Amino acid sequence: MKKNIAKVLLGIVVIVVLMIISGCVYTVQPNQHVAVRQFGRIVKIESEPGLKFKTPFVQNIQRISSATTLYDVPLSDVITRDKKSMIADNYVLWKVVDPTKYIRTLDAIDARAEERIEAAVYNALKNVISSMTQDEVIEARGEKLTQMLTNEANSDIGDYGIEIITAEIKALDLPDDNKSAVYDRMISERQNIAASYTAQGESEAQKIRNETDKTVKVMVAEANKNAEITIAEGEAEYMKILQEAYNTSEKAEFYNYIRSLDALKASLKGDNKTIILDKDSELARILYGANITTGSGE
C-alpha cells in the first residue's frame, strides 16, 4: 500500500516538474518575434531563433510573424493634378519590424494591420497622383512611381511597427468613359512627336548633304587646280627638254626639217596628193632642195 502511494506521489512530482520545465522553456522559430509578457506588460522581445527561458506561471508569450506578407489592396479611384480620374490596383509587401508597437497599437492582429495599410496606401496614392498630371503619372509608371508610393505610405504607417517593403501598382487604368478620348489624344501627341523627329532628321540630313556637296566641290576644284599645275609643270619641263635638245643652229634646223616632213606627211592623206606651197615656205625649200639634189645626182 505504501509502495503504491509512493509511486503515485512520484508520478505527481514528475508531472509537476515537467509542467514547471515546460513553463520555463519556449522556442523562437525563424521569421518570428516572441513577446514575453508579465501580467500583460511586455518585458522582453525575442527575435533570434532558438531555445529561450521565462518565468513559469508568471510570464507568458505571444508569437508574431516577422515574415514578409502580401496584401492585395482594393481598387482606388484617384484624381490627377489636371483633374483626370484614374483607377489604381495595388498590392503591398509588408512585415512587422517593431513588435512592441505592433502589439500596443494593433494588438498584433493582422486584419487591423491591413486596414491601416490600406488607408496608408490610399493616402499615398492620393498625395502622389494628385501632385502629377496624367501624362506624368503614365510616364512615371514602374520603379519610379513605386518608390514614390512606398516612401509616402511608410511615412504614415511607422507608428504601428510596420514597414511597407513595396507598394506596387499592378494596374493603373482610366475609367471606361475616358479611355477612348485619352488614347486618341495620346496617339495624336505621339504622332506629332514622331513628325517633329522626322522633320528634324530630314533637316540634319540636308545639312549633311550640303556639307558633303560643298566638300566634294572643294576637293574637285583642288584636284583640277593641282592637275593644271601638273600639266603646266609638264609642259614647262617639255619645253625645257626641247630647248636643251635643240640649243644649236644645226639641231634647230634638223628639228624644223623633221617637223616639216611630219606636216607634209599629214597633208598627203586621202586621194588628193596635190599640195600648193609658198616658194618661201620651209617645206618648199626642203622639196626644192631634194629636187636639186636629185637633179645633180642624175
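Couplings 3J(HN,Hα) for the stretch 144-158, derived from phi with the Karplus relation 6.51 cos²θ - 1.76 cosθ + 1.60 (θ = phi - 60°), are 4, 5, 4, 5, 4, 5, 4, 4, 5, 5, 5, 5, 10, 10, x Hz, where x marks Gly and Pro.
For the stretch 68-171, the Kirkwood hydrodynamic radius comes to 13.8 Å, computed from all pairs of different C-alpha atoms.
For the stretch 117-129, the Karplus equation 6.51 cos²θ - 1.76 cosθ + 1.60, evaluated at θ = phi - 60°, returns couplings of 5, 4, 5, 5, 5, 4, 4, 5, 4, 4, 5, 6, 5 Hz by residue, with Gly and Pro reported as x. Across the stretch 60-71, computed HN-Hα scalar couplings (Karplus, 6.51 cos²θ - 1.76 cosθ + 1.60, θ = phi - 60°) run 10, 10, 10, 9, 9, 6, 9, 6, 6, 10, 9, 10 Hz from first to last residue, x flagging Gly and Pro.
The residues Met239, Met186, Met132, sorted by heavy-atom accessible surface at 1.4 Å with ligands and nucleic acids left out, run Met239, Met186, Met132 from largest to smallest. Placing a label point 7 Å from the Cα of Arg190 along the Cα-to-Cβ direction, no residue of the stretch 86-102 has its backbone N under 18 Å from that point. Inter-label distance, Glu136 to Ala205: 3.7 nm, where each label sits 7 Å from its Cα along the C-beta direction.
Give, as ranges by residue number, the residues of the stretch 46-76 whose backbone N falls under 13 Å from the point 7 Å along Cα→Cβ of Glu163. Taking a point 7 Å out along Cα→Cβ of Glu163, the residues of the stretch 46-76 whose backbone N falls under 13 Å are 66-69. For every other residue with a beta carbon closer than 12 angstrom to the beta carbon of Ile231, add +1 if it is Lys or Arg and -1 if Asp or Glu, then tell me the sum. Counting the neighbours of Ile231, the net charge comes to -3. Over 24 Å apart at the Cα level, from the set Lys84/Lys144; Lys217/Lys240; Lys240/Lys265; Lys52/Lys101, are Lys217/Lys240; Lys240/Lys265.
Can you work out the FRET efficiency for the pair Phe254 and Lys214, with r the C-beta to C-beta distance and R0 = 41 Å, to the nearest 0.05?
Details: r = 54 Å, r/R0 = 1.31.
That gives a FRET efficiency of 0.15.
How do 134-142, 118-126 rank on mean C-beta neighbours within 10 Å, highest first?
Highest-to-lowest ranking by the protection proxy: 118-126, 134-142.
Excluding ligands, DNA and RNA, what is the solvent-accessible area per residue of the stretch 134-237 at a probe of 1.4 Å, expressed in Å²?
Values: 7290 Å² over 104 residues.
Here the per-residue accessible area is 70 Å².
Modelled spin-label separation between Leu75 and Asn60, with each label point placed 7 Å from Cα along the Cα-to-Cβ direction: 4.4 nm.
The values are calculated or read from the model by the stated rules, or taken from the named source; none is laboratory data. Predicted, not measured: the structure shown is a model, and the values here were computed from it. Positions of Cβ are backbone-derived with ideal geometry, glycine not excepted, and every protein chain shown enters the neighbour counts. When the accessible area is computed, the model is the full protein with side chains, heavy atoms only, and any ligands, DNA or RNA have been set aside. Shrake-Rupley method; radii C 1.70, N 1.55, O 1.52, S 1.80 Å.
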